[in-house]
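Asks: Below is a structure I'd like to ask you about.
The values are calculated or read from the model by the stated rules, or taken from the named source; none is laboratory data. From a predicted model like this one, the values you see are computed outputs, not experimental measurements. Ideal geometry is used to build each Cβ from the backbone, glycine not excepted, and the neighbour counts take in all protein chains shown. Side chains included, ligands, DNA and RNA excluded: accessible areas come from the protein's heavy atoms. Shrake-Rupley method; radii C 1.70, N 1.55, O 1.52, S 1.80 Å.
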Amino acid sequence: MRVIRVAESGFAVAAGALRRTKLQENPEVDSIVREIIAQVAAEGDAALLHLGRKFDSPNLNSLEVTAAEWDAACEEIDESLKETVLLAANNITTFHERQKRTSWLDMEKGMVTGQMLRPLQRVGVYVPGGRAVYPSSVLMCALPAKVAGVEDIVMCSPVRSDGTLHPLVLFAARVAGIKRVFKVGGAQAVASMALGTETVPVVDKIVGPGNTYVNIAKKQLWGVVDIDMLAGPSEVCVIADAGANPAFAAADMLTQAEHDPDCAAYLITDSEAMANAVSEELDKQIEVLPRRAILRQALSELGGVIIAENLDQACELANVCAPEHLALMVRDPFAYLGLIHSAGAILMGDYSTQTLGDFFAGP
């Protein structure tokens with residue numbers, strides 16, 4: 001990975017290394033996605049089957065998961081794993097219950113003004129697949145909708161090579177209260193939920209992460225349908241002081257970088273020794289991980305080690321990065337929390353792992 005010493009290169013160089021380009025701006029993909037959307041609009045289910053066989057599996061022979069398929073998939077899941085998914089779902093639900101807003105009225109100055117909050121009628125969840133299995137995306141996207149009072153939640157996800165969805169994804173969907181699941185991935189999934197087909201119903205809003213094709217489809221169809229955001233690829237930034245555990249810091253970086261070659265992982269530290277120790281740990285841990293090719297590409301192309309002059313400066317650089325995941329692996333993380341204003345999730349201390357925040361804790 002690149003190593004930048006702020007004392008030698010200056011703050012501007014370090015900050016520049018932490019800023020990412022707009023990954024959703026890709027003229028070639030933009031054109032392909034427009035064709036896919038037009039095809040789905042014109043041909044409906046026939047287009048979804050054709051594109052699914054082309055991009056995901058030649059064994060795709062139906063679009064909707066049947067009750068029998070759903071039941072069989074849920075039977076495959078180990079009981080201990082089921083218990084973990086249920087605990088995660090409870091944590092997520094509890095967290096989002098605290099975010100609920102209320103309607104209000106103001107009757108001053110001879111006027112009645114106010115805000116009425118109503119749940120959307122139908123929400124579509126997109127869950128990525130192909131490279132990995134993401135039951136966490138199912139829970140994180142569907143449970144807030146359930147808490148908000150959305151009655152009809154549907155889901156699209158690309159099939160595996162054998163033409164089926166992963167059993168764990170289907171179990172998570174059942175736990176999250178999703179009513180219908182469709183074996184549709186990529187830009188065509190977004191198009192189907194935005195425009196509707198003979199099988200896939202039109203939704204009010206599409207949520208969930210995806211690759212560049214998914215994000216550009218959401219971008220093109222925004223206005224036809226509401227979207228959450230243009231999410232991903234992810235980035236993780238670890239701020240580590242001299243007392244951090246280098247093995248933990250490296251593991252947190254690898255946990256996010258393994259998702260996709262376009263994911264970025266940064267270490268910002270005020271300790272040269274810590275920078276060296278984490279680099280050694282990265283080399284060691286990568287060797288035993290099954291997705292090491294993706295990890296090497298992500299770290300070499302988008303990874304970086306920034307050696308700051310002090311921890312206050314490290315926090316300033318982290319704000320420039322504005323990462324999806326920020327880990328404060330410092331002696332007193334709460335002492336530095338007030339310096340952070342741009343981050344998606346902040347993990348406090350050595351034992352607040354990326355996986356805990358992403359899968360289980362609740363946010």
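Asks: Against the condition surrounded by 11 or more Cβ atoms within 10 Å (Cβ to Cβ) and without any contact (Cβ under 8 Å) to a residue 24 or more places away in the chain, how does LEU117 come out, does it pass?
Replies: Values: surrounded by 11 or more Cβ atoms within 10 Å (Cβ to Cβ): yes; without any contact (Cβ under 8 Å) to a residue 24 or more places away in the chain: yes.
Judged against the criteria, LEU117 is a match.
Asks: Has the range 131-143 got any residue that is of a type in the set (Lys, Arg), modelled with pLDDT of 95 or more and open to solvent by 30 Å² or more (accessible area, probe 1.4 Å)?
Replies: Taking the range 131-143 and keeping what is of a type in the set (Lys, Arg), we get 131.
Filter again for modelled with pLDDT of 95 or more, leaving none.
There is no residue in the range 131-143 that is of a type in the set (Lys, Arg), modelled with pLDDT of 95 or more and open to solvent by 30 Å² or more (accessible area, probe 1.4 Å).
Yes/no matrix, rows are residues, columns are (1) among the hydrophobic types (A, V, I, L, M, F, W, C); (2) in contact (Cβ under 8 Å) with a residue 24 or more places away in the chain; (3) buried (at least 24 other Cβ atoms within 10 Å of the Cβ); (4) not in a loop (DSSP other than H, G, I, E, B):
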position	(1), (2), (3), (4)
PHE171	yes, yes, no, yes
VAL181	yes, yes, yes, yes
VAL190	yes, yes, yes, yes
GLY210	no, yes, yes, no
VAL214	yes, yes, yes, yes
GLN220	no, yes, no, yes
MET229	yes, no, no, no
PRO233	no, yes, no, no
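Asks: Checking ALA15 against (1) open to solvent by less than 20 Å² (accessible area, probe 1.4 Å); (2) closer than 17 Å to VAL200 by Cβ; (3) not acidic (Asp, Glu), only one condition comes out false. Which one?
Replies: Here ALA15 clears every test but (2).
Asks: When only residues in the range 25-40 that are in contact (Cβ under 8 Å) with a residue 60 or more places away in the chain and aliphatic (A, V, I, L, M) count, which is farthest from GLY196 (Cα to Cα)?
Replies: VAL29
Asks: I'd like to know if the range 244-267 contains one or more residues that are over 19 Å from ARG20 (Cβ atoms) and without any contact (Cβ under 8 Å) to a residue 12 or more places away in the chain.
Replies: Within the range 244-267 (the criterion being over 19 Å from ARG20 (Cβ atoms) and without any contact (Cβ under 8 Å) to a residue 12 or more places away in the chain), the answer is no, since none of the residues qualifies.
Asks: Which of the residues that make up the range 88-120 are touching a helix residue (DSSP H, G or I) at 6+ places or on another chain (Cβ under 7 Å) and among the aliphatic types (A, V, I, L, M)?
Replies: So the first thing to find is which residues in the range 88-120 are touching a helix residue (DSSP H, G or I) at 6+ places or on another chain (Cβ under 7 Å), and the list is 88-89, 91-93, 96-97, 100, 119.
Scanning the range 88-120 gives ALA88, ALA89, ILE92.
Asks: State which residue is surrounded by the most Cβ atoms within 10 Å (Cβ to Cβ) when the search covers only the range 62-112 and only residues that are among the basic types (Lys, Arg) and part of a loop (DSSP other than H, G, I, E, B). Quick ask: steps written out before the conclusion?
Replies: Taking the range 62-112 as the starting set, the residues that turn out to be among the basic types (Lys, Arg) are 82, 98, 100-101, 109.
In the following step, the residues that additionally are part of a loop (DSSP other than H, G, I, E, B) were identified as 98, 100-101, 109.
Values: ARG98: 8, LYS100: 11, ARG101: 8, LYS109: 7.
By that ranking, first place goes to LYS100.
Asks: Further question: Can you find, within the range 18-31, the residue that is farthest from PHE182 (Cα to Cα) among those that are open to solvent by 60 Å² or more (accessible area, probe 1.4 Å) and of a type outside the set (Ser, Thr, Tyr)?
Replies: Only one residue fits best here, namely ARG19.
Asks: Taking the range 324-363 as the search range and keeping residues that are over 14 Å from the mean Cα position of the chain (by Cα) and among the charged types (D, E, K, R), which one is most open to solvent (accessible area, probe 1.4 Å)?
Replies: Only one residue fits best here, namely ARG331.
Asks: Among the residues of the range 133-156, which ones are outside any helix (DSSP H, G or I) and in contact with a strand residue (DSSP E or B) (Cβ under 7 Å, 6 or more places away or on another chain)?
Replies: Just the residues of the range 133-156 that are outside any helix (DSSP H, G or I), to begin with: 133-134, 149-156.
Selection gives VAL150, ASP152, ILE153, VAL154, MET155, CYS156.
Asks: Still on this structure, please answer the following. State all residues of the range 192-208 that are part of a loop (DSSP other than H, G, I, E, B) and either buried (at least 24 other Cβ atoms within 10 Å of the Cβ) or hydroxyl-bearing (Ser, Thr, Tyr) (or both); if no residue qualifies, say none.
Replies: The answer is THR197, THR199, VAL200, VAL203, GLY208.
Asks: Given the conditions (1) touching a Cys at 6+ places or on another chain (Cβ under 8 Å); (2) under 21 Å from ARG5 (Cβ atoms); (3) open to solvent by less than 20 Å² (accessible area, probe 1.4 Å); (4) not aromatic (Phe, Trp, Tyr), report the number of the one that ALA314 does not fulfil.
Replies: All conditions pass for ALA314, except number (1).
Asks: What is the residue count in the range 147-159 for residues that are at pLDDT 95 or above, surrounded by fewer than 20 Cβ atoms within 10 Å (Cβ to Cβ) and at negative phi?
Replies: The qualifying residues number 4.
Asks: Which one of these is at pLDDT below 95 and more than 23 Å from the chain's Cα centre (by Cα): GLU28, GLU43? Talk me through it step by step, then tell me what you get.
Replies: On the way: GLU43 fails: at pLDDT below 95.
It is GLU28.
Asks: Among the residues of the range 41-98, write down those that are among the aliphatic types (A, V, I, L, M) and within 15 Å of SER192 (Cα to Cα). Can you show your working first?
Replies: Initially, the range 41-98 is screened for residues among the aliphatic types (A, V, I, L, M), giving 41-42, 46-49, 51, 60, 63, 65, 67-68, 72-73, 77, 81, 85-89, 92.
ALA41, ALA42, ALA46, ALA47, LEU48, LEU49, LEU51, LEU63 - these are the residues of the range 41-98 that are among the aliphatic types (A, V, I, L, M) and within 15 Å of SER192 (Cα to Cα).
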